[in-house]
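Let me begin by presenting the structure, written as structure tokens, before commenting on it.
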Amino acid sequence: MAVNVNTLKKMKDESDKITWLTAYDYSFASLIDKAGVDAILVGDSLGMVMQGHATPVPVTIEDSCYHTECVARGVENALIVGDLPFGSYQLSKEQAYENAVHLMQAGAHVIKLEGGELQVETIRFLTERGIAVCAHIGLTPQSVHKLGGFKVQGRGDSAQVLIEDAKGVQAAGAFAVVLEAVPQTLAATITELLDIPTIGIGAGPSCDGQVLVLQDMIGVYPKRSPKFCKNFMQDAISIGGAIEQYIADVKSGEFPAQEHSFD
Ligand code: KIV
């Protein structure tokens, strides 16, 4: 059955772990969809794993729309999450609306953007106009140069900032929030505090769901993958099998393990 935002909320309420994976093309999107992943994120990580850049910063809205179109042709059931790339929504809420519409016309069901409190006005503007928004807080890769690298966020005093970010995006109408590279205890606190699902990547096992970049979880990205990734091909005989194992391990709580989490 087709997954929608209500499905994800129900899964949180029933403590049924949510699975997301990234995809950028028709064939992998189809494989991931058939394996039963709940949502496919056409992430701006495409800048790194598809285009070979060092960061997602060079990705354009045209790139995102192109890959969203390719993915959409392969998906029957999964929720398709389009990612607003760097520079496509920060200027104004009107700019965000215009580019969110482009992504949805390319086939995204919902959109994701990076930021907490600073994006509250934009999230409210989009949701009031019929666009379901997933926020992304913690390590926000589009700000990598401002953050000084791909580093864990929310340690020490900044934990409270992330808690306020999470509460702010929920109040603005976000349907979910991605927590990237944050200490597992902080992610557990945020997950407990929020009514909307938290989707973790490097945020420990307590999140309502998990997301990984496909190329990391099948071990084909030639550069070093972050500590929070696991290569599911190590014990699998096919890519489909690796994806099924990822789903099973997220559902059972086996992934992420302590070795993939931060304190
Ligand atoms: O672009 C992406 O793939 C993402 C995930 C890492 C959450 O934003």
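The values are calculated or read from the model by the stated rules, or taken from the named source; none is laboratory data. All values reported here derive from a predicted model rather than from experimental measurement. Reconstructed Cβ throughout: ideal geometry from the backbone, glycine too, with neighbour counts over all protein chains shown. SASA here: full protein model, heavy atoms, side chains in, ligands and nucleic acids out. Shrake-Rupley method; radii C 1.70, N 1.55, O 1.52, S 1.80 Å.
With protein chains left intact and a 1.4 Å probe, residues in the stretch 5-260 average 42 Å² of accessible area per residue. Taken over the stretch 22-76, the alpha-carbon convex hull comes to 66 cubic angstrom per residue. For the stretch 5-260, the antiparallel share of DSSP beta bridges with both residues in that region comes to about 5%. Site-free segments of the chain were taken between GluC sites (Glu not before Pro) in DSSP loops having at most 16 other Cβ atoms within 10 Å, sites themselves excluded; the longest one is 77-253. Only protein atoms count toward the accessible area here, which uses a 1.4 Å probe; on the stretch 5-260, the carbon and sulfur part of that area reaches 51 percent.
Calculated on the Cα set of the stretch 111-263, radius of gyration then Dmax: 15.6, 47 Å.
Of all lysines in the structure, the ones whose alpha carbon falls short of 24 Å from that of K93, not counting any fewer than 8 places away in one chain, are K112, K146, K167.
Calculated FRET efficiency, H53 to M1, Cβ-Cβ distance, R0 = 35 Å: about 0.45 to the nearest 0.05. For H102, H145, the ranking by accessible surface with the largest value first comes to H145, H102, using a 1.4 Å probe. Pairs of Cα atoms nearer than 8 Å and 6+ residues apart set the relative contact order; for the stretch 5-260 it is 18 percent.
Distance between the modelled labels on I237 and D195, one decimal in nanometres: 4.8 nm (7 Å Cα→Cβ projection).
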